[in-house]
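Worksheet: one structure, shown below.
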Amino acid sequence: MSHVQTQILSRLMTLLTGLPTTGSRVYQGRVHPLTPGTMPGLCVSLGGETPTGGTTKATQKEVELVVDVYVGGDDYTVSGQVQVEVEAALYGDRVGGRFFNSLATNLIYGGERREFVTLGALKHTKVSITYKTEYQTVDGVANAAN
Amino acid sequence: MSVIVAIEEAIKDRLQAEIEGVPELIKMMPVLDGDPIVAPVRVESYPSNPSEQLLLQLAQTGAVVVRYVGSKYGSKRVAGSIVVQDRTMSYEVQIFSRSLAARDSGSGIYELLDICALRLIGFLPAGCVDGGELVQDDFVTEVKGAWAYGIVVNFSSQVEMPI
């Protein structure tokens, strides 16, 4: 069994693949192909992780999820629609008060940063959306959420 | 057809369509012992064997000649099952004439330079991802009263391969 972070990332990929606007143009990692055929598209990755509490035998952890939206041109309309679909997909995965196949105990929107990128062949808009999600593991067992 | 040739052909088609519509003033040229005639400014690819004689011939009627200069590549990106590099392709449009300006009663290089610039800025040939960007124009040569100037235009494309 992989690290809980990796399991959450895998679930994130599943949730975000097949959305109406971005379809299968979803890439795991920070690198987007930046071609006309791969936009609008998403890049999905993990940010940093910090401990947020716990007990003497378990640690509460918060890991940052990064969803980068790539859209051709200087765009607000399409990227805004993608943001709507991403948020609906993530919060739609809540079951019994938990997220990501019940791995996580909380999901918090962490903000976005928008930039119009003119370097490179294809001018495009990149919107980086961050979420923070919390999960807990027993100390010494980082591959199983409890 | 290679991408290089396809874009060159697209540039030529674009310029030819424009040249046919330019005012006669720009295309007029003097004729010994006769009235000035409208010079048939031609748009063509750069000759395979350029020579002084050819330069004189091109300048005689006025000519717009397109050639591929080269490409610069961006960094490689690998995402999923695709590897991509940006490619900035440079083309030079050389303009030949015996007159620098139409006021000299010939097919004026200055006017033709302006026409080429206006028609190529933002022009998006098939296979490119961003329209033409003017880089510079400059004097190329002068031989026995035959002048040549060139304007360089960049086109952004990409090289993409599945892996």
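The values are calculated or read from the model by the stated rules, or taken from the named source; none is laboratory data. From a predicted model like this one, the values you see are computed outputs, not experimental measurements. Every residue, glycine among them, receives a Cβ derived from its backbone with ideal geometry; neighbour counts consider all protein chains shown.
What to note about this one:
- Among the residues of segment A:1-24, those that are under 14 Å from the mean Cα position of the chain (by Cα) and within 19 Å of A:Thr105 (Cα to Cα) comprise A:Gln5, A:Thr6, A:Gln7, A:Ile8, A:Leu9, A:Ser10, A:Arg11, A:Leu12, A:Met13, A:Thr14, A:Leu15.
- Residue identified as surrounded by fewer than 20 Cβ atoms within 10 Å (Cβ to Cβ) and not small (Gly, Ala, Ser) among A:Thr17, A:Thr22: A:Thr17
- Where B:Val38 falls short, out of the listed (1) modelled with pLDDT of 80 or more; (2) over 30 Å from B:Asp130 (Cα atoms): (1)
- The number of residues in segment A:67-82 being closer than 25 Å to A:Thr105 by Cα and either surrounded by fewer than 17 Cβ atoms within 10 Å (Cβ to Cβ) or in contact with a helix residue (DSSP H, G or I) (Cβ under 9 Å, 6 or more places away or on another chain) (or both) comes to 1.
- Within segment A:86-110, the set of residues being charged (D, E, K, R) and surrounded by fewer than 18 Cβ atoms within 10 Å (Cβ to Cβ) comprises A:Glu87, A:Arg94, A:Arg98.
- Scoring A:Val4 on the criteria (1) over 19 Å from A:Gln83 (Cβ atoms); (2) within 14 Å of another protein chain (Cβ to nearest Cβ) leaves a single failure, condition (2).
- Residue in segment B:92-110 that is in a helix (DSSP H, G or I), in contact with a Phe, Trp or Tyr (Cβ under 6 Å, 6 or more places away or on another chain) and either closer than 23 Å to B:Ser75 by Cβ or away from every other protein chain (no Cβ under 14 Å) (or both) present: yes
- If you go through segment B:49-84 and keep only what is more than 14 Å from chain A (Cβ to nearest Cβ), loosely packed, with under 11 Cβ neighbours inside 10 Å and either at pLDDT 85 or above or closer than 20 Å to B:Ala10 by Cβ (or both), you end up with just B:Gly70.
- Residue count for segment B:118-140, restricted to those that are within 14 Å of another protein chain (Cβ to nearest Cβ) and assigned to a strand (DSSP E or B): 6
- Scanning segment B:141-163 for residues that are away from chain A (no Cβ under 14 Å) and loosely packed, with under 15 Cβ neighbours inside 10 Å, we see that the one that is nearest to B:Glu9 (Cα to Cα) is B:Thr141.
- Selection from segment A:10-42 of residues that are away from every other protein chain (no Cβ under 14 Å), within 17 Å of A:Ala88 (Cα to Cα) and out of contact with any Gly (no Cβ under 9 Å at 6 or more places or on another chain): A:Arg11, A:Leu12, A:Thr14, A:Gly18, A:Leu19, A:Pro20, A:Thr21
- Only one of the numbered conditions (1) among the small types (Gly, Ala, Ser); (2) without any contact (Cβ under 8 Å) to a residue 40 or more places away in the chain; (3) on the phi < 0 side of the Ramachandran plot is violated by B:Ser99, and that is (2).
- Segment A:111-137, subset exposed (fewer than 13 other Cβ atoms within 10 Å of the Cβ) and assigned to a strand (DSSP E or B), residue nearest to the chain's Cα centre (by Cα): A:Gly111
- Pair list, Cβ under 6 Å, 6 or more apart: segment A:8-26 residue in contact (Cβ under 8 Å) with a residue 24 or more places away in the chain and of a type outside the set (Phe, Trp, Tyr), other residue surrounded by 16 or more Cβ atoms within 10 Å (Cβ to Cβ) and assigned to a loop (DSSP other than H, G, I, E, B): A:Ile8/A:Phe100; A:Ile8/A:Leu103; A:Arg11/A:Phe100; A:Leu15/A:Asp93; A:Thr21/A:Pro40; A:Thr22/A:Pro40
- Search result, residues across segment A:96-116 that are at pLDDT below 95 and β-branched (Val, Ile, Thr): none
- Hits in segment A:28-65 (condition: in contact (Cβ under 8 Å) with a residue 12 or more places away in the chain, crowded, with 18+ Cβ neighbours inside 10 Å and more than 14 Å from the chain's Cα centre (by Cα)): A:His32, A:Leu34, A:Thr35, A:Thr38, A:Met39, A:Pro40, A:Lys61
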